[in-house]
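The values are calculated or read from the model by the stated rules, or taken from the named source; none is laboratory data. Remember, predicted model here, so these are calculated numbers, not experimental data. Heads up, the Cβs are rebuilt from the backbone with ideal geometry, glycines too, and the neighbour counts pull from every protein chain shown.
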Amino acid sequence: MIRTAFRCFLAANLLLIVLLMARAWRGGSEPPAVAGPAPAIMKAVTPALSFTDQFGRSSDLSQLRGRPWLVQFMYTRCPSQCPQMNQRLTALSRSLPTSIGFLSVSSDPAHDTPETLAAYAEQWDVADRTWLFARADSVAVSELAGQLLLPGVDKPEMHSLRWTLLDERGVVVGSYDSEDPSHIKRLLKDAEAIR
């Protein structure tokens with residue numbers, strides 16, 4: 001029995017040493033950020049989403065092709081997270097290539113009319129950049145969230161706090177936690193690569 005306990009003790013310590021060595025070899029104490037799809041599963045977003053922007057213009061995702069877009073979900077009555085995401089996006093806009101447009105899709109299309117979106121958009125003026133605030137029907141919004149590998153948006157407050165970068169062909173480049181500095185750093189690197 002003592003031998004078995006001693007063997008378990010040695011095995012546990014050996015495992016601990018291997019784990020510590022692997023962490024040191026990797027070069028840090030934090031696990032790498034998981035920020036969306038790996039390049040092997042990048043896919044084009046289906047252009048079927050029809051939306052109306054804050055100017056009352058009807059469009060679909062295929063009309064956005066030709067330039068990269070950073071997509072987020074939000075809603076105008078959001079008391080905290082959406083304004084914080086928009087503040088971070090406004091600050092980030094100074095570091096991103098101006099060729100990248102912003103697309104904020106409302107997760108509350110019943111309330112967020114084009115007029116409501118227009119009034120909301122005035123708060124987030126980003127010079128030299130296209131920033132569209134859009135609404136679509138709830139089914140289309142949920143479908144888009146799924147294509148962007150984000151959680152569903154069954155209720156407005158259930159939207160994701162992630163940004164998704166699409167290249168000029170509408171292919172998902174990455175998904176980034178808007179609150180994680182390491183993800184934002186990766187977003188900047190990815191944005192430079194597709195500019």
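For the stretch 26-34, the criterion of a residue being at pLDDT below 90, among the aliphatic types (A, V, I, L, M), exposed (fewer than 12 other Cβ atoms within 10 Å of the Cβ) and outside the structural domain of S175 (by TED's automatic domain parsing) is satisfied by at least one position. Filtered by the rule that a residue be farther than 21 Å from S142 by Cα and at pLDDT below 90, the stretch 40-78 gives a lone residue, A40.
Taking the numbered list (1) under 17 Å from S178 (Cα atoms); (2) not in a loop (DSSP other than H, G, I, E, B) in turn, S62 passes all entries but (1).
Scanning the stretch 76-119 for residues that are of a type in the set (A, V, I, L, M), closer than 27 Å to R195 by Cβ and without any contact (Cβ under 8 Å) to a residue 60 or more places away in the chain turns up A91, L103, V105.
Among residues of the stretch 52-71 that are crowded, with 19+ Cβ neighbours inside 10 Å, those with a beta-carbon under 7 Å from a residue that is of a type in the set (F, W, Y) and modelled with pLDDT of 90 or more at least six positions away or on a different chain give the pairs D53/F133; Q54/F133; L70/F102; L70/W163; V71/W163. Considering only residues in the stretch 173-188 that are among the aliphatic types (A, V, I, L, M) and touching a strand residue (DSSP E or B) at 6+ places or on another chain (Cβ under 6 Å), the one that is surrounded by the fewest Cβ atoms within 10 Å (Cβ to Cβ) turns out to be V173. Among the residues of the stretch 72-104, those that are over 12 Å from L161 (Cα atoms), polar (S, T, N, Q), crowded, with 16+ Cβ neighbours inside 10 Å and touching a helix residue (DSSP H, G or I) at 6+ places or on another chain (Cβ under 8 Å) comprise T76, T90.
Scanning the stretch 94-131 for residues that are under 20 Å from the mean Cα position of the chain (by Cα) and of a type in the set (S, T, N, Q) returns S95, T98, S99, S104, S106, S107, T130.
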